[in-house]
Amino acid sequence: MPALHNLIIIGSGPAGLTAAIYSARAALEPLVLAGEPSSTGDQPGGQLMLTTDVENFPGFPKGIMGPELMANFRSQAERFGAKFETTKVTSVDLSQRPFKIWTDRPHDGEADYEAKSIIVSTGAKSVMLGLDNETELIGRGVSTCATCDGFFFKDQEIAVIGGGDSAIEEATFLTKFASKVTIIHRRDELRASKIMQERAFANDKIEFLWDSEVHAINGTEQLESIDVVNNKTQEKSTLAVTGLFIAIGHRPNTDLFKGQLDTNDKGYLLTNSPATSTNVAGVFACGDVQDETYRQAITAAGSGCSAAIDAERWLEDQHDA
Ligand code: NAP
């Protein structure tokens, strides 16, 4: 029989680790299933593990490296007794309590873990182009977050890929820093809302490359240029840019919970906001997996705190009952 835990936290980004700090300090002895790195972008520690300087997380006036920040979160949680396992959850059964969790470890079918309550903080992934060099150059010119990294591109020429609201919003924001922003879109019309389009068209720092796709990202230590092809004329060109912002959408990591936890039409978990409870009593969600709007480390951490408090109160109510 697997051991029964009060609280299992699935995911170890800012949301999960903040939930771990708060629930450990509430003596719940949480177990964090931290995930395993994978070629499909799974990342224990979350998306900050893929960034370099983080300058907008309060409390670090000189900034801090993403991986160092996450190591600090983790050691703070461990200090209060949170336990960690580096393992990938492959399935869950939330249909009855205690909840059951299976991992990719070899087993005979019996669940690996049982939990009275679960906090889901599995995060989201930026959709990437799938080109060579793309992941290696994240934090070295390639970025998926203008709010986080725009500041590093003062007076530089950069490109943004995508034609949706994110791409246009990021491009417009980036003109505060960059000398020129080229939006590269695979069609000849934008998907973004009209008002955002008009704002971008009126901005003389923004140029558009229509019907165009990036087919190579060049550079070793730092991004140096990108190769672009016009998908109508097949004409090829090279754009010397020091920054490349990929804004072609996000995908929440919710496959694991399909059919068990309610999601919106884009797959983000639905919570009873402002509470973090889901449609299954005893299961809570925090961080990017339930946040389509803000997607910041600090908002994820804040919701992780809420989830820990909600889980603690729910467990107390169960005990009282
Ligand atoms: P999105 O609306 O799905 O747009 C993704 C864009 O990326 C599309 O233009 C798409 O091209 C392009 N794209 C997708 N895959 C690509 C690929 N492999 N190569 C090149 N281009 C590719 O995603 P989003 O912009 O992240 O927005 C997501 C949601 O959040 C939307 O509902 C949006 O309205 C909302 N949002 C709102 C705001 C705001 O109101 N302030 C800001 C950001 C996001 P096609 O057009 O050809 O499909």
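What follows draws every value from the coordinates through simple rules; no lab data is involved. Please read these numbers as outputs of a predicted model, since none were measured by experiment. Heads up, the Cβs are rebuilt from the backbone with ideal geometry, glycines too, and the neighbour counts pull from every protein chain shown.
What to note about this one:
- Backbone HN-Hα couplings from phi across the stretch 208-214 [Karplus 6.51/-1.76/1.60, Hz, Gly and Pro as x]: 10, 10, 7, 6, 10, 10, 7
- Residue with peak Gaussian network fluctuation, the chain [Cα springs, cutoff 10 Å], from S75, S143, S306: S75
- Only Lys, Arg, Asp and Glu carry charge here, each on its Cβ (+1 for the first two, -1 for the last two); on that basis the chain has a dipole of about 360 debye about its Cα centre.
- When the alpha carbon gyration tensor of the chain is reduced to an equivalent ellipsoid, the three semi-axes, largest first, read 39, 19, 18 Å.
- Among the chymotrypsin sites (Phe, Trp or Tyr not before Pro) found in the stretch 219-321, those both in a DSSP coil and sparsely packed, with 13 or fewer other Cβ atoms within 10 Å of their Cβ, are Y294.
- Shape category assigned to the stretch 1-109 from the gyration tensor of Cα positions, a/c cut at 1.5: oblate
- As a length-normalised measure over Cα pairs under 8 Å and 6 or more apart, the relative contact order of the chain settles at 20 percent.
- Virtual paramagnetic centre 7 Å along Cα→Cβ of S179, amide N under 15 Å, in the stretch 219-243: 240-243
- Area projected by the alpha carbon convex hull of the stretch 233-286, averaged over all directions, nm²: 7.2
- Length-normalised contact order for the stretch 142-246 - Cα pairs under 8 Å, 6+ apart - percent: 31
- Considering only the stretch 142-246, percent of DSSP beta bridges that pair antiparallel, nearest 5: 40
- Residues whose amide H lies under 5 Å from that of Y113, counting only those 5 or more places away or on a different chain, are I101; hydrogens are built 1.01 Å from N in the peptide plane.
- Those Cys residues of the chain for which no other cysteine Cβ falls under 4.7 Å: C286, C305
- Three-way shape label, the stretch 142-246, alpha-carbon gyration tensor, a/c 1.5: oblate
- In the stretch 142-246, taking the dipole from charged Cβ atoms about the Cα centre, the farthest positive-side position among G164, T220, N231 is held by G164.
- Considering only the Cα atoms of the stretch 213-312, their convex hull presents on average a projected area of 9.5 nm².
- For the chain, built as a Gaussian network whose Cα springs stay under 10 Å, the top-fluctuating residue of L131, L94, L244: L131
- Whole-angstrom gap from the stretch 166-199 to the stretch 91-124, using each part's C-alpha centre: 42
- Loop trypsin sites (Lys or Arg not before Pro), the stretch 1-93 (other Cβ atoms within 10 Å of the site Cβ: 11 or fewer; DSSP): K62
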